[in-house]
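A.B. asks: Handing you a structure now.
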Amino acid sequence: MRGMDWISRLFLGVLLAVMASGAAMAREIPVETCIAQISEGETAGGIAAQQDRFDCRAEQNLKGSGDFAVLLRFVPVQPALDDPLVLRTNSVWQDAEYIRFRYADGHEQSLDFTSRTASRYITMGAIMEFPVPRHGAPLSSILIETQGSANLRGVVLGTSIIPRTEANLTKLWLVALYTGFAGLALALIVYNFSLWAAMRHRFQLYYCSMIAALAAYTFTSSGSLMLFATWIDNNDRLRLNYILLAISGITALRFIRNFFGAEVCGPRLTIAIRWSGYAALASALAFAALAPWQAHLLDRLYFIGMTAMLIMVFPLLYNAWRVRNRYLGLFLLAWSAPIIISVMRAAHGFNLIPQMFLLDNGNLVALSIEALLSSLLITARLRELGEERDHALQGEQTALHLANTDSLTGLLNRRSFLDFAIGSRSRQRLMLIDIDHFKLVNDRIGHEAGDQVLVAVANAIEACRPPRSLAVRLGGEEFALLMPRSLAEQCLPENLLEAVRCQIMPQGVKVTVSIGFSDGQVASEKDWKRLYRLADAALYRAKADGRDRACKATDFSVAA
């Protein structure tokens, strides 16, 4: 119920964040973004006077990397005195940015930052937020100069001008959303790691690794890292994003493969999954190490590797459908959202779809849905594995029982009896029990009825023996009973003799036994042999004295 409460709160947070974002957009000032590439020796201010240099329609990323002048056009606006405006843009790869706020009376105010000092302006959601300076005249336009822009998806993305109160409301909900996500991720890691420590199923460990990698990626991609470590370069944060997202994909794919097992993921698919993971991680490391050199090429290779890894999910799902895996339906319910978000991320990486709120915060939505349903999925899978383990354990116990017992009487056999008996340092009593004239009984009533006699005697021994004792059929008509000497009063030889006499025998035949017993240790095989010789000598004497009786061994018996 607590887990369900967490999920409900997280969904509510997502909904409220979207509503807050929608409310902010309702008061957002429509902005037209136009860009112009800055050649060597030019400045953004010089280009600003050449309006025909600015392109407002073409895709920004088609212009490649470099330095750019970005002109934000909008209807002049006079901010309220008690609610100033803020300029918000998405964080992108660039070395530096200079922003000029231009007013209707020709006045300009500016601010600037570098990737090293970007933490001054970055907020939750990796949004760069710049306060619009107060001035008596309306704000008429904004001129931005970017230096060293990688322009992978655009020079300036997600541009908006909104009142500060609306920006604060959006930030508040995003903080609540990411905090809830952090709590959910921590709970999932602790819960599933505890299960792994107890049950040791590999897919549980990969699930923990996946959640940890996603949590780390969210920590960096949301900008939270720079709120805590203000000294970090923003471009280095973006490098980490590439690596952590690749690791998240690798661990997610490993979890899926291990969850469904070998019947779904054959050797060839396993190799393909392994190498697609290597390719994705290698491309992420290459981007992190080499960018901004050949940033466009490295970024494209990265998304090719990530897409190849994503494609591996579909043959896994097909194989699961082909073998009629019982968990496929629940898996699709749980993982549809993460898979859809991953497909959208891949499409965005190839510049097929624009930046949007869902892409920026898709991990939160996807993990919320996945966590709710994957908990049921993992529980169901663990239940099946538990049943398989119980069946295997039952089969193992059955096999062990068959290996350790006499198939006719159900008592221990000689080998297992010795394994259990030898090693005890406490004083023991050994009774050797032999059926009197068993050959004659066998000849009289037949071998099948003779077997019934053996079973009846075994039942009498079993009924008489105390706890912590061992009853064994040594072979033929000879039995033994080994018990702690302290429990010997609970099963006196006379009692056992009487129990056999009273046992109902086949065809009404009368059966008696002779007993020889001795006390001693069985700490070693030597002790056992000595104790056995004493009891066997006592048994021989009981038979010699007329049978249907018990004799206690003495050292004199052995000598005799």
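A.B. asks: Would you say residue 106 is exposed (fewer than 15 other Cβ atoms within 10 Å of the Cβ) and on the phi > 0 side of the Ramachandran plot?
C.D. replies: Taking the combined requirement at face value, the residue satisfies it.
A.B. asks: Right, here's the next one. State all residues of region 341-357 that are aliphatic (A, V, I, L, M) and either modelled with pLDDT under 80 or within 21 Å of residue 252 (Cβ to Cβ) (or both); if no residue qualifies, say none.
C.D. replies: 341, 343, 344, 346, 347, 356
A.B. asks: Which ones in region 207-218 are free of Cβ contacts under 8 Å to residues at least 60 places away in the same chain and surrounded by 20 or more Cβ atoms within 10 Å (Cβ to Cβ)?
C.D. replies: 208, 209, 210, 213, 215
A.B. asks: Quick one: in region 111-139, which of the residues that are touching a Lys or Arg at 6+ places or on another chain (Cβ under 6 Å) and modelled with pLDDT under 95 is farthest from residue 51 (Cα to Cα)?
C.D. replies: 124
A.B. asks: May I pose another question? Search region 148-197 for residues being hydroxyl-bearing (Ser, Thr, Tyr) and touching a helix residue (DSSP H, G or I) at 6+ places or on another chain (Cβ under 7 Å), and hand back the single one that is farthest from residue 215 (Cα to Cα).
C.D. replies: 170
A.B. asks: Tally time: how many residues in region 220-236 are free of Cβ contacts under 8 Å to residues at least 24 places away in the same chain and crowded, with 20+ Cβ neighbours inside 10 Å?
C.D. replies: 1
A.B. asks: Further, regarding this structure: If I go through region 298-340 residue by residue, how many of them are outside any helix (DSSP H, G or I) and either at pLDDT 85 or above or basic (Lys, Arg) (or both)?
C.D. replies: Residues in region 298-340 being outside any helix (DSSP H, G or I) and either at pLDDT 85 or above or basic (Lys, Arg) (or both): 4 in total.
A.B. asks: Give the residues of region 64-81 that are exposed (fewer than 15 other Cβ atoms within 10 Å of the Cβ) and on the phi > 0 side of the Ramachandran plot, sorted by residue number.
C.D. replies: Selection gives 64 alone.
A.B. asks: Quick check: anything in region 421-440 free of Cβ contacts under 8 Å to residues at least 60 places away in the same chain, of a type in the set (Asp, Glu), closer than 21 Å to residue 498 by Cα and not in a loop (DSSP other than H, G, I, E, B)?
C.D. replies: No: region 421-440 contains no residue that is free of Cβ contacts under 8 Å to residues at least 60 places away in the same chain, of a type in the set (Asp, Glu), closer than 21 Å to residue 498 by Cα and not in a loop (DSSP other than H, G, I, E, B).
A.B. asks: If you don't mind, there's one more thing I want to ask. Residue check, residue 509 against (1) surrounded by 22 or more Cβ atoms within 10 Å (Cβ to Cβ); (2) of a type in the set (Val, Ile, Thr); (3) at pLDDT below 95, all met but one. Which one?
C.D. replies: (1)
A.B. asks: Filtering region 528-538 down to residues that are of a type outside the set (Asp, Glu) and touching a strand residue (DSSP E or B) at 6+ places or on another chain (Cβ under 8 Å), which residue is surrounded by the most Cβ atoms within 10 Å (Cβ to Cβ)?
C.D. replies: Looking at residues that are of a type outside the set (Asp, Glu) and touching a strand residue (DSSP E or B) at 6+ places or on another chain (Cβ under 8 Å), I get 535.
A.B. asks: Restricting to region 512-527, give me the number of residues that are buried (at least 21 other Cβ atoms within 10 Å of the Cβ), out of contact with any Cys (no Cβ under 9 Å at 6 or more places or on another chain) and either part of a loop (DSSP other than H, G, I, E, B) or not polar (S, T, N, Q) (or both).
C.D. replies: 2
A.B. asks: Take residues that are touching a Pro at 6+ places or on another chain (Cβ under 9 Å) and free of Cβ contacts under 8 Å to residues at least 40 places away in the same chain and tell me which of the strands (runs of 3 or more DSSP E) falling wholly in region 37-141 contain 3 or more.
C.D. replies: 108-114
A.B. asks: Where in region 215-297 are there helices (runs of 4 or more DSSP H), lying fully within it, with 1 or more residues that are modelled with pLDDT of 95 or more and among the β-branched types (Val, Ile, Thr)?
C.D. replies: Those helices (runs of 4 or more DSSP H) span 234-260.
A.B. asks: Being touching a residue at least 60 places away in the same chain (Cβ under 8 Å) and out of contact with any Leu (no Cβ under 7 Å at 6 or more places or on another chain) narrows it down to one of 512, 554, so name that one.
C.D. replies: When all the criteria are applied, what remains is 512.
A.B. asks: In region 482-494, how many residues are touching a helix residue (DSSP H, G or I) at 6+ places or on another chain (Cβ under 6 Å) and either assigned to a strand (DSSP E or B) or exposed (fewer than 14 other Cβ atoms within 10 Å of the Cβ) (or both)?
C.D. replies: 1
A.B. asks: Please determine whether any residue of region 243-261 is over 20 Å from residue 207 (Cα atoms) and surrounded by fewer than 16 Cβ atoms within 10 Å (Cβ to Cβ).
C.D. replies: Within region 243-261 (the criterion being over 20 Å from residue 207 (Cα atoms) and surrounded by fewer than 16 Cβ atoms within 10 Å (Cβ to Cβ)), the answer is no, since none of the residues qualifies.
A.B. asks: Hey, among 463, 471, which residue is of a type in the set (Gly, Ala, Ser), under 57 Å from the mean Cα position of the chain (by Cα) and either surrounded by 22 or more Cβ atoms within 10 Å (Cβ to Cβ) or within 19 Å of residue 415 (Cβ to Cβ) (or both)?
C.D. replies: 471
A.B. asks: Among the residues of region 498-511, which ones are part of a loop (DSSP other than H, G, I, E, B) and charged (D, E, K, R)?
C.D. replies: If the condition is that a residue be part of a loop (DSSP other than H, G, I, E, B) and charged (D, E, K, R), then 510 is the only one that fits.
The values are calculated or read from the model by the stated rules, or taken from the named source; none is laboratory data. Model, not experiment: these values are computed from the prediction. No Cβ is skipped: glycine too gets one built from the backbone with ideal geometry, and neighbour counts run over all protein chains shown.
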